[in-house]
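The values are calculated or read from the model by the stated rules, or taken from the named source; none is laboratory data. Please read these numbers as outputs of a predicted model, since none were measured by experiment. Here the Cβ positions follow ideal geometry from the backbone for every residue, glycine too, while neighbour counts run over all protein chains shown.
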Amino acid sequence: MRPIFLPDAYPESSIDMSVTPSLTRNARVGVMHMLDTLHTGGAERAAVDYVNHLPLDRYRPYLCTTRDTGPLEPLVKKDISLLQLHRRSTLDLAPLRKLLSFIRDEDIAILHAHGSTLFVSRLAQLFSRRFVIIWHLHYGRWAVDDRRDWRYYLMTLGVDGIVTSNYDLAQ
């Protein structure tokens, strides 16, 4: 898989259009950005900026926090739907059911997972193949760490696209 370097692009050519029904219609595409929290941090601020700037004539933007909200919540535009899962552990099933129901009800076509929400996204994808996953890798330690986490490598095998902030992270 070739990483995507454009931070706010969802190029149609990089997504398997047969996976999700809403990508084949002439309608606005549901895009959900996922984060653990909205606490102050670089990945969190980037996700809020991305979801706030998606063109509303082409996309239906959503923001999902898997664990908790935070001080960045007031920066999310009022017309962005915010889903809070309040997940307490890795395999907390009630939030997973809530996420799957929301994805189905809102016809989410693209799940843009930031950081460790890759795991929740892939778990949800095991139960529903109605959406594609774009993983946004923000963490610079990946560029310098000799031992990359094998769990992340395993999870990326089913990811439809990866967005990185620099070339070294993509390697």
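Scanning segment 96-143 for residues that are small (Gly, Ala, Ser) and at pLDDT 90 or above, we see that the one that is surrounded by the fewest Cβ atoms within 10 Å (Cβ to Cβ) is Ser101. Of all residues in segment 81-92, those that are crowded, with 17+ Cβ neighbours inside 10 Å have Cβ atoms under 8 Å from Cβ atoms of residues that are of a type in the set (D, E, K, R), 6 or more apart or on another chain, in Leu83/Lys98; Gln84/Asp68; Leu85/Arg67; Leu85/Lys98; Arg87/Arg67.
In segment 6-35, of all residues being at pLDDT 95 or above and either exposed (fewer than 14 other Cβ atoms within 10 Å of the Cβ) or not hydrophobic (A, V, I, L, M, F, W, C) (or both), the one that is nearest to Ser116 (Cα to Cα) corresponds to His33.
Among the conditions (1) under 16 Å from the mean Cα position of the chain (by Cα); (2) over 18 Å from Ala43 (Cα atoms), the only one that Asp105 does not satisfy is (1). Evaluate segment 57-66: report whether one residue or more is farther than 13 Å from His33 by Cβ, at pLDDT 90 or above and assigned to a helix (DSSP H, G or I). No, the conditions are met nowhere in segment 57-66. Could you please tell me which pairs satisfy a Cβ distance under 7 Å, a separation of 6+ or placement on different chains, a first residue in segment 125-136 that is of a type outside the set (A, V, I, L, M, F, W, C), and a second residue that is surrounded by 23 or more Cβ atoms within 10 Å (Cβ to Cβ) and assigned to a helix (DSSP H, G or I)? Final answer for the pair search is Ser128/Ile103; Arg130/Ile103.
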